[in-house]
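Single-structure report; data block below.
The values are calculated or read from the model by the stated rules, or taken from the named source; none is laboratory data. These figures come from a predicted structure and were not determined experimentally. Using ideal geometry, Cβ is built from the backbone for each residue, glycine included, and neighbour counts are taken over all protein chains shown.
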Amino acid sequence: MNYLQAKKLFSQTYQLIDAEKYLEALQILVKISSAQLFYKNPPFDKHELIKTAEMCCKALQNNNKEINEAKIGYGVILRNSNMITESINIFESILEQGIQKEVILENAYSLELFGDNKKALNLLLDGLKKYPYEKMILNNIATLYEIEEEWDLALNYYNLALEIDDKGGISHYNKGRVLYVLEQYDQALYHFEKAQRLYENNDFRIIDVYIFLADTHLQLKHYKKAEIIYNEIISLFPKRSEGYYSISDFYYNIGNKVRSLKYIEKAINLSFPQIDYYHKKAYILNDLNQSKKALFTIKKAKIHFPNDVKLLDLEAEILNSQNNYAAAIKVYQKRLEIDIQEDIFFYLADCFFNLQNYSEGFFWINRYIKTNDKYSEAYILRAKINAITGYYHLALDDLKRALTLENNSLHLDESDWYYFENLTVIQEFHEFLKEVEK
């Protein structure tokens, strides 16, 4: 669906509303709201969709035969508009009147998005008692077990779904995904190929089957076959960003970074802002020694994702590699405000050390060692700070600890030794050197 198609469909909803065909109008709104999740510039704001859907739903209040079906559609639109709690309330109000298969599936999905996997699983297991041969309930139960990495249980429920309907493409696809994660690529390939044959060509989900099929060939080192399928994906789905992202990943994996960059740029142009796409582009640019362009890409991405830790980590890494320690420190400090990651203590210590701010460097390296006392580089860094500030015996103690952690095979390069020249005044230091040279 493109902008003009969506606009035409939206105008049809009002024609249907005027003809008092509210349920048909609502079904069109569901289609539009679902399509908006896949396109960069959706033609309507969420408020407009929800308001019109609410109008349809209210108009059907007096028609008991259709109101539940209308409520389901309204709940889906709310969920697609990221109003998860509101959608759950709608579905649960319907379930109070009795268990319905479609409502169970929709509510379980909303609960999963809300983060209440346990409640979603219990709902599906209760639904399975009434609908023991419903493959979608079985598939959704299996998917929840996947999230918990209960692989055997996930496979068990996918197998049950396949026993009920071996011609179900979605069950083959889902089982293939688990086998792929478990690195059982030959078996995964069988199920992806079967899913590809069974899916309807106009099913928007078939792109995922193609991508996994190509990825599996890549894992099996069938590079030519994988490349053919990746190119087939972008040929079949020229407006879907996922295909360009996957072929970008492929070219990066086989070492063609320039071509990888070309396709990730195409993916960005076709999609809503997506953090993985921006991160991938910046990562490739940095890998191609185009750090300035990488930082510019991160700057653009931060307009949409100002607090994303992946972007901040990459930005700080690039700034650090440019010896722009002051700027890197600012990024690391913002990163800590969002999420405390102990490794950042070490990076901050190193930056402050390189700026010759030894008191701050000492503070952060001590904080790091309290959380991780098994990293030899941390003791070497603290030894440098202690040596520079005149605490020679403490510096030597840190070097001895680092030597122990490296199983008496500590390697210090020439730039490291520079900081320890003053330790020669300590007799023990000469004994230490003998240990290092062994």
Report task. Answer yes if at least one residue in region 160-177 is over 27 Å from Lys101 (Cα atoms), in contact (Cβ under 8 Å) with a residue 12 or more places away in the chain and either of a type in the set (A, V, I, L, M) or touching a Gly at 6+ places or on another chain (Cβ under 9 Å) (or both), and no otherwise. Result -> no
Query raised in the report: Looking at this structure, is Lys221 surrounded by fewer than 21 Cβ atoms within 10 Å (Cβ to Cβ) and either outside any helix (DSSP H, G or I) or touching a strand residue (DSSP E or B) at 6+ places or on another chain (Cβ under 7 Å) (or both)?
Result: yes
Query raised in the report: Under the condition of being among the polar types (S, T, N, Q), in a helix (DSSP H, G or I) and over 18 Å from Leu111 (Cβ atoms), which residue from region 42-95 is modelled with the highest pLDDT?
Result: Thr52
Query raised in the report: How about region 407-438: which of its residues are outside any helix (DSSP H, G or I) and over 25 Å from Tyr358 (Cα atoms)?
Result: Asn407, Asn408, Ser409, Lys438
**Report entry** Any pair with Cβ under 9 angstrom, 6 or more apart, that starts in region 396-411 at a residue that is free of Cβ contacts under 8 Å to residues at least 12 places away in the same chain and small (Gly, Ala, Ser) and ends at one that is surrounded by 16 or more Cβ atoms within 10 Å (Cβ to Cβ) and assigned to a loop (DSSP other than H, G, I, E, B)
**Finding:** none
Query raised in the report: Would you call Asp398 closer than 27 Å to Leu336 by Cβ, loosely packed, with under 14 Cβ neighbours inside 10 Å, of a type outside the set (A, V, I, L, M) and in contact with a helix residue (DSSP H, G or I) (Cβ under 9 Å, 6 or more places away or on another chain)?
Result: no
Report summary line: Residue hits (region 185-195; more than 14 Å from Asn174 (Cβ to Cβ) and either within 25 Å of the chain's Cα centre (by Cα) or among the hydrophobic types (A, V, I, L, M, F, W, C) (or both)) are Tyr185, Leu189
Report task. Might you check whether a residue that is at pLDDT 95 or above, among the hydroxyl-bearing types (Ser, Thr, Tyr) and more than 22 Å from Lys300 (Cα to Cα) occurs anywhere in region 330-349? Result -> yes
Query raised in the report: In region 129-144, what residues are touching a Phe, Trp or Tyr at 6+ places or on another chain (Cβ under 9 Å) and free of Cβ contacts under 8 Å to residues at least 24 places away in the same chain?
Result: Ile141
Query raised in the report: Within region 149-176, how many residues turn out to be basic (Lys, Arg) and at pLDDT 95 or above?
Result: 1
Query raised in the report: Of all residues in region 20-41, how many are in a loop (DSSP other than H, G, I, E, B), at pLDDT below 80 and not polar (S, T, N, Q)?
Result: 2
**Report entry** Selected residue (criterion: farthest from the chain's Cα centre (by Cα)) from residues of region 230-261 that are polar (S, T, N, Q), in a helix (DSSP H, G or I) and more than 21 Å from Leu179 (Cβ to Cβ)
**Finding:** Ser235
Query raised in the report: Can you find even one residue in region 272-291 that is among the polar types (S, T, N, Q) and buried (at least 22 other Cβ atoms within 10 Å of the Cβ)?
Result: no
Query - Condition met for Phe353 (in contact with a Lys or Arg (Cβ under 6 Å, 6 or more places away or on another chain) and either modelled with pLDDT under 95 or buried (at least 19 other Cβ atoms within 10 Å of the Cβ) (or both)) - result: no
Query raised in the report: Of the numbered conditions (1) closer than 18 Å to Tyr263 by Cα; (2) in contact with a helix residue (DSSP H, G or I) (Cβ under 8 Å, 6 or more places away or on another chain); (3) not in a helix (DSSP H, G or I); (4) not aromatic (Phe, Trp, Tyr), Glu227 satisfies every one except a single condition; which is it?
Result: (3)
